[in-house]
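Report on the structure given below.
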């Protein structure tokens with residue numbers, strides 16, 4: 001420890017290490033292609049790309065046709081269901097009209113008289129029973 005008032009002493013800087021140098025690689029030269037070979041490779045590459053493009057285009061066309069066919073089939077099914085719904089609604093309307101006709105009092109009376117041979121009495125008589133007499137009659 002340094003005493004108070006003593007001059008500060010400088011420490012030496014750490015030594016710097018030089019990075020290791022790797023030997024540089026000399027790129028090897030490829031043999032140059034002949035113009036005829038380069039042209040042939042270019043044509044093959046173009047042919048492959050063209051074939052891939054045509055195949056992908058055909059796949060997309062088939063998918064589009066299939067999708068259109070499915071949409072047409074669903075539209076036909078929907079139309080058939082709508083037609084059937086209209087037929088059922090018309091039948092329900094006819095049945096509702098018939099039920100309304102049959103539930104009228106005159107229709108019920110005529111059915112009772114014609115079908116079940118019920119006779120309407122010419123005069124109707126009402127009997128009134130007193131409450132006191134009804135309770136003692138049961139004994």
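The table for this structure:
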read-out	value
Qualifying positions in the range 109-126 - part of a loop (DSSP other than H, G, I, E, B) and surrounded by 10 or more Cβ atoms within 10 Å (Cβ to Cβ)	118
Lone qualifier among 50, 76 - being modelled with pLDDT of 90 or more and under 37 Å from the mean Cα position of the chain (by Cα)	76
Any chance residue 100 is modelled with pLDDT of 95 or more and surrounded by 10 or more Cβ atoms within 10 Å (Cβ to Cβ)	no
Every pair of residues 6+ apart whose Cβ atoms lie under 7 Å, when the first sits in the range 58-72 and is on the phi < 0 side of the Ramachandran plot and in a helix (DSSP H, G or I) while the second is loosely packed, with under 10 Cβ neighbours inside 10 Å and at pLDDT 95 or above	none
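The values are calculated or read from the model by the stated rules, or taken from the named source; none is laboratory data. Quick caveat, the model's predicted, so the values are computed rather than measured. Note: ideal-geometry Cβ built from the backbone for every residue, glycine included; neighbour counts use all protein chains shown.
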